[in-house]
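Notes follow the structure.
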Amino acid sequence: MSLLDEVDYLYERAVMFPTTLSDQAFADWTEAVGVGPEMDKESARYIRRCLNVSRKLAAFWSARDVDVDDPDEWRSRVDLSLGVRAWRPQLDLASRLLDASGDEAAFGRVVELFRIVNNEPFLEGASYEDWFESRQN
């Protein structure tokens, strides 16, 4: 699972099963994704921001009766509770990973998250190939 998928999983767990996220669960997740001295400081900072968002999401949803009939509903729950503020740290992390790796999967995540956060297409809808080519020049 990619780092961005791990953040999605954490957000999903926070809004669908908030009572399962204790301080120890957050610490275990942080360790599992490799936040530590070997991770670059900028990525670690974005991960910490995502972790803070997930804590807020869990606090919001633990105070409500959570019905888990639709497992795909988790993104809507994130939007309902925190909106764009929840997705911004993930966009920052995805942009960082895209800059570092330049891979197509990271580009796809940036495109998806950029639209959510900014309500407009990333690079005016440029394709991965266009973006990659522009970096070579």
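The values are calculated or read from the model by the stated rules, or taken from the named source; none is laboratory data. Since this is a predicted model, take the numbers as computed values, not measurements. We place every Cβ from the backbone using ideal geometry, glycine too, and count neighbours over all the protein chains shown. Note: accessible area is taken over every heavy atom of the protein model, side chains too, but ligands, DNA and RNA are not part of it. Shrake-Rupley method; radii C 1.70, N 1.55, O 1.52, S 1.80 Å.
Quick notes on this structure:
- Any hit, segment 56-77, residues being assigned to a helix (DSSP H, G or I) and among the β-branched types (Val, Ile, Thr): no
- Number of the exception - Gly34 against (1) on the phi > 0 side of the Ramachandran plot; (2) in a helix (DSSP H, G or I): (2)
- Flag set for Ser95, criterion: more than 28 Å from Phe17 (Cβ to Cβ) and either in contact (Cβ under 8 Å) with a residue 12 or more places away in the chain or in contact with a Phe, Trp or Tyr (Cβ under 6 Å, 6 or more places away or on another chain) (or both).
- Residue match in segment 104-114 (condition: assigned to a helix (DSSP H, G or I) and at pLDDT below 90): no
- Verdict on Ala44 being surrounded by fewer than 13 Cβ atoms within 10 Å (Cβ to Cβ) and among the small types (Gly, Ala, Ser): no
- The residues of segment 115-136 that are open to solvent by 70 Å² or more (accessible area, probe 1.4 Å) and assigned to a loop (DSSP other than H, G, I, E, B), listed by number, are Asn119, Glu120.
- Selection within segment 12-24 - surrounded by 14 or more Cβ atoms within 10 Å (Cβ to Cβ) and not in a loop (DSSP other than H, G, I, E, B): Glu12, Arg13, Ala14, Val15, Met16, Pro18
- Subset of segment 34-58 (residues that are of a type in the set (A, V, I, L, M) and either under 13 Å from Tyr11 (Cβ atoms) or modelled with pLDDT of 95 or more (or both)): Ile47, Leu51, Val53, Leu57, Ala58
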